[in-house]
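What follows is calculated from the coordinates using simple rules that are stated; it is not laboratory data. The shown structure was predicted, so the numbers you read here are calculated from the model rather than taken from an experiment. In this analysis, Cβ positions are derived from the backbone assuming ideal geometry, glycine residues included, and neighbour counts consider all displayed protein chains.
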Amino acid sequence: MTESPVLLGRDELERLITFEDLIPKLESAMGKFSKRDSSEIIQPVRSVVPIQKHNGFLGLMPAYMAAEGILCTKMVAFYKREEGCSFPSTQATVLLFDPEQGHVTAIMNGEAITATRTAAVSAISAKLLKPATSEVLCILGSGQQARSHYDVFTKVFKFKEVRVWSRRRETAQRFVDDLQDPVRVCSSVKEAVTGADVIVTATGASEPILLGEWVKSGAHIAAVGACRPDWRELDDVLMRDAVVYVDSREGANAESGDIVMSGAQVFAELGEVINGSLPAQREKTTVFKSLGMGIQDAVSAKLLFDKWKSQQ
């Protein structure tokens, strides 16, 4: 007889998780993924069910990592919300399984895991690709992803200036007030990104908001929003002129409007840079198009579950 699954909510997960623990696990997992050894990792491209009546989608993201003994799936619902809507645009649940017996061992808040692992992967991209001298960080967006990116980027790197922009200035101001740190609120995307060395786009945009002509040559962009093939955050000029990195080629070519609609060529997966099979081109403008992968949720969930068990 199996035990009932553990329920781990947002507060508990946020208490347990640290970027210092998570980043090495994610680097290792992405490196293994890019070797495409199916005896090591099985991860199909995310399955997406359209919910057209309510302007949403349900995504299913399973992953199996044999050597680590990790079997996991994430169910994530994402919706295009009306401006001012109080509901979050993304809601998620992560299920961790016992790979030997097949029963669920933990049911976990997916938003906490998604926000943290996404920001950690963006930080890995910046570690590999940002200019050697990076003084200005710009974050476009003011939601949960913007906050998690602010947290990890200011922990891992040292910036002299941080700028934030959001469609509604009062939302950006509230974001900054919550931080209680010296962060500049900008009134336009152009003002926010001009001269920035590292730019994070974490918006709900479905049409380009960041134009290549505004971006400093050699800057690094971590593009986190626009997770559908007909949604975009970045314009053709930026996608054409930058060296483009992704977490998964298959995922990017199926799901990223920034890549699909611009016709941009993917240069490398982050895992290929981690493996040393393809180079990091720091001297050029770089874009990391983040879509998220099941293995990122899987290693995060297993790390958190093991930490929780060790404290019981």
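Considering only DSSP beta bridges with both partners in the chain, what is the antiparallel share in %, to the nearest 5?
So the antiparallel bridges amount to about 50 percent of the total.
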Out of the chymotrypsin sites (Phe, Trp or Tyr not before Pro) in region 200-274, which ones are loop residues according to DSSP with at most 13 other C-beta atoms within 10 Å? none
For Asn55 and Glu83, calculate 0.36 nm times their separation in residues minus their Cα-Cα distance, and state this gained length in nm to one decimal. 8.7 nm
Fraction of the pair-distance distribution of the chain above 36 Å, Cα-Cα pairs, percent: 13 percent
19 Å Cα-Cα threshold exceeded, pairs from Lys32/Lys284; Lys35/Lys130; Lys155/Lys289; Lys160/Lys284; Lys130/Lys160; Lys130/Lys158: Lys32/Lys284; Lys35/Lys130; Lys155/Lys289; Lys160/Lys284
Amide H of Thr105: which non-local residues (sequence gap of 5 or more, or other chain) have their own amide H closer than 5 Å, using H built in the peptide plane? Leu96, Phe97, Asp98
Given H placed 1.01 Å from N in the peptide plane, which residues other than close sequence neighbours of Ser206 have an amide H under 5 Å from its amide H? Arg232
Region 50-91 to region 206-275: how many Å between their Cα centroids? 21 Å
Low-density loop positions, GluC sites (Glu not before Pro), region 1-77 - DSSP coil, at most 16 other Cβ in 10 Å: Glu3, Glu40
Among Asn275, Pro44, Leu238, the residue whose Cα sits farthest towards the positive end of the charge dipole of the chain (+1 at Cβ of Lys and Arg, -1 at Cβ of Asp and Glu, taken about the Cα centre) is Leu238
Using only helices, what value at 222 nm comes out for the chain when you add -39,500 (n - 2.57) per DSSP H run of length 4 or more and divide by the total residues, to the nearest 500 deg cm²/dmol? -10500 deg cm²/dmol
What number, in percent, do you get for the relative contact order of the chain if the mean sequence gap of Cα pairs under 8 Å and at least 6 apart is divided by its residue count? 20 percent
Please report the Cα spread of region 118-293 along all three principal axes, rounded to whole Å, starting with the longest. 42, 32, 29
